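Okay, so here's the structure we're looking at.
Taken together, the values in this text are just the output of simple stated rules run on the coordinates, not laboratory data. Keep in mind the model is a prediction, meaning the values are calculated, not measured. Counting neighbours? That spans all protein chains shown, and the Cβs are built from the backbone with ideal geometry, glycine included.
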Amino acid sequence: MAEALSEPESQPLIQVRELTTSFYSRDGVARAVDGVSFELRRGETLGLVGESGCGKSATALSMMRLLQAPAGRVDSGQVLLNGRDLLQLSEAEMCRVRGDDMAMIF
């Protein structure tokens, strides 16, 4: 018989909700991420796959708040890490999150 997950283990570790990211230039706006949503629980693995230029890296950079401003920016959505919205943190708080709580392997 399968053992039921305890409450903390059943809660998502990370939730991405309707993430939208654009790149702005004098030639116009390029929507790189358009309403991406997913969640991941502790112990799960998620692979983002797709053709070149489909927004995989832009999604990860948006989550980590590593987009080069002002050209790239998250237009809307939420990135929740243990229930805390990373898009609402100050840059100093986000610096503490990067490396300690989440990282990106290039």
Item to check | Mean projected area (nm²) of the alpha-carbon convex hull when the stretch 38-80 is viewed from all directions | outcome: 3.8 nm²
Checklist outcome for this item: Taking the chain and counting helices only, DSSP H stretches of n ≥ 4 at -39,500 (n - 2.57) each over all residues, the nearest-500 ellipticity at 222 nm comes to -5500 deg cm²/dmol
Item to check | Size of charge dipole - the chain - debye, nearest 20, with Cβ of Lys, Arg +1 and Asp, Glu -1, no other charges | outcome: 360 debye
Checklist outcome for this item: Taking Met94, Met63, Met104 and counting other beta carbon atoms within 10 angstrom, the fewest-first order is Met104, Met94, Met63
Checklist entry - Say we join alpha carbon atoms closer than 10 Å with springs in a Gaussian network model of the chain; which of Arg31, Arg73, Arg65 then has the biggest fluctuation? => result Arg31
Next on the checklist: Can you tell me what percent of all Cα-Cα pairs in the stretch 7-100 are more than 21 Å apart?
Outcome noted: 34 percent
Checklist entry - What is the set of long-range amide H partners of Asp75 at a cut-off below 5 Å, with H atoms built 1.01 Å from backbone N? => result Thr20, Thr21, Ser22
Checklist entry - Taking other Cβ within 10 Å of each residue's Cβ, how do Val49, Val29 sort, fewest first? => result Val49, Val29
